[in-house]
Each structure stands twice: as C-alpha cells, then as structure tokens.
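The values are calculated or read from the model by the stated rules, or taken from the named source; none is laboratory data. Small disclaimer: the values here were computed from a predicted structure and weren't measured. Because the Cβ atoms are built from the backbone with ideal geometry, glycine has one as well, and the counts that use them run over all protein chains shown. Note: areas computed on protein heavy atoms with side chains; ligands, DNA, RNA excluded. Shrake-Rupley method; radii C 1.70, N 1.55, O 1.52, S 1.80 Å.
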Amino acid sequence: MSEKIPGKITKWRAYYEAVSGNPPRDTTLLALDRWQEENGGGPGFAIDLACGEGRDTAELLRRGWHVLAVDSEPEAIDWLRARGDLPTVGKLETLCAPMQDAEWPGADIVNASFALPFCPPDRFPDLWARIVASLGPGGYFAGQIFGPDDDWANPGLTFHDRAGVEKLFDGFTFERCDEINRDGKDARDNPKHWHMFHIVARKNFRKN
Ligand SMILES: C[S@@+](CC[C@H](N)C(=O)[O-])C[C@H]1O[C@@H](n2cnc3c(N)ncnc32)[C@H](O)[C@@H]1O
C-alpha cells in the first residue's frame, strides 16, 4: 500500500505497512458490541484517538457509526482515506492534530488503541479529563494504557501502573481490564517487552 502514498517517509510508515490489513482491535469490537446491545444497535458517534492506518475506524464505519479519526501524523490520515475497505455507510471526519490538542463533542465511544502512551505526560491529565467529560453515562472507553515495565517506557511518554489505572477509571465499570506484562514481539516482529492494560470500560450512570 505504501506505493499509493507518495511523500516523505515518516517514522510511522513502517508500522502502517506492518499492520496494514489487520483486523480491528478486540477492545474496539467488545465496546461496540456492548454499546449496541445496550442501545438497540443504533450507531452513535465515536472518536478514534491516534487512529493510525484506520483498522478500528473502518470497523466503526462498517457498523454505521459517525467517526472522528484523529492522528498527529498526516500519513496516517492518508493511509486511512486510501483504505480499500472503507464502507459507504457511516460518516468519516478526520483531524490531523496531536490528541492532546484535539477537541471533540460528546462521544458514545472513545477509542484509543495503542495510543495513549504517545501523549506527553504533562498533557495527559488534561487529555484524560476531556476523554472522561466527553463520554455520557453508558459511554465506553476502549483501548490500552501502558505500564511502567514496558520497553517503550521513558519520561517523554505516559505510563500508569495498576493503581494509576484504577484511579483513571474511577466512575467507570470495567468490562475488561487485562494486564499483560511479558516478552513478545512488536508489529515488525522485533523482540519487545509489553506491559499494558487492555481496557473496555463503561462510564457509570451514577458515580460509585
Ligand atoms: C502504535 S500506532 C496505533 C495506531 C492504531 N490506533 C492501531 O491500533 O493500530 C500509534 C499512532 O499514534 C500516532 N500518534 C503518536 N503521537 C500522537 C499524538 N500525540 N497525537 C495523536 N496521534 C499520535 C502515530 O502517528 C500513530 O499513528
């Protein structure tokens, strides 16, 4: 697919090439299934933070959702719009901006797959407050929070341990919160230690 996208080679191109054609994240699928069960199947509005080449955005659109896909990398938006599997249903809007600067209206799902560590730590509290505030009661967060043992951990990126994760999700009910802390491979098959929490969480109607 990269030959379809002219322009300078960015640091993310190799990632987009490696994951091109991969299915949507299972966290995204679970949040969609739950939201649709609870809301009569009707499509809603979702924001896909750090959408990358669009694996999750494409699925949201397939299910008829209105999606605002955000990524700071222009090439991500190019890859998303050049996908061969974008459905004609749903409504796609894109925003090329750092997620920490993005603004969006109320959302039914905030999707952030393998995204949030890339928010600078000093901007994370404000970004998180916007994520929480944008979800109405019954809305879902789907995505990953990265932990301090992850190979990517460094002071320029954002990581949380389990206690930190539980604090972030005060006022939510976890549908899934699976911590993994183990050696594995990255998208390009290089060895990598992964420490992260796979999360699907529903915003409570009333704070517990
Ligand atoms: C690991 S990829 C994840 C892409 C996609 N969500 C997925 O699950 O495959 C990370 C993405 O974050 C984007 N990114 C990095 N820093 C960002 C920021 N501050 N704001 C928005 N997007 C950012 C990159 O351009 C890249 O597309």
Q) Can you tell me which residues in region 13-66 are out of contact with any helix residue (DSSP H, G or I) (no Cβ under 9 Å at 6 or more places or on another chain), at pLDDT 95 or above, open to solvent by 50 Å² or more (accessible area, probe 1.4 Å) and under 18 Å from GLY90 (Cβ atoms)? A) ASP33, ARG62
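Residue-by-condition table, conditions (1) under 16 Å from the mean Cα position of the chain (by Cα); (2) more than 9 Å from the ligand (Cβ to nearest atom); (3) assigned to a loop (DSSP other than H, G, I, E, B):
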residue	(1), (2), (3)
GLU59	yes, yes, no
VAL67	yes, yes, no
ASP78	no, yes, no
LEU86	no, yes, yes
VAL89	no, yes, yes
GLU103	yes, yes, yes
ILE109	yes, yes, no
PHE114	yes, no, yes
ASP126	no, yes, no
Q.
Tell me yes or no: at least one residue of region 77-89 is touching a Leu at 6+ places or on another chain (Cβ under 6 Å) and free of Cβ contacts under 8 Å to residues at least 60 places away in the same chain.
A. yes
(Q) Can you pull out every residue in region 164-188 that is in a helix (DSSP H, G or I) and either polar (S, T, N, Q) or open to solvent by 70 Å² or more (accessible area, probe 1.4 Å) (or both)? (A) GLU166, LYS167
(Q) Here are the criteria: (1) in contact (Cβ under 8 Å) with a residue 60 or more places away in the chain; (2) over 17 Å from the mean Cα position of the chain (by Cα). Tell me which single one ARG162 does not satisfy. (A) (1)
Q. Within the set of pairs 6 or more residues apart or between chains, which connect a residue that is of a type in the set (Asp, Glu) and more than 16 Å from the ligand (Cβ to nearest atom) inside region 33-53 to a residue that is open to solvent by 30 Å² or more (accessible area, probe 1.4 Å) and modelled with pLDDT under 95 with Cβ atoms less than 7 Å apart?
A. none
Q. Which residues, counting only those in region 128-149, are over 18 Å from the mean Cα position of the chain (by Cα) and more than 11 Å from LYS203 (Cα to Cα)?
A. PRO148, ASP149
Q | Single residue of ALA69, ALA76, ALA107 found to be closer than 23 Å to THR158 by Cβ, touching a Gly at 6+ places or on another chain (Cβ under 6 Å) and open to solvent by less than 30 Å² (accessible area, probe 1.4 Å) | A | ALA76
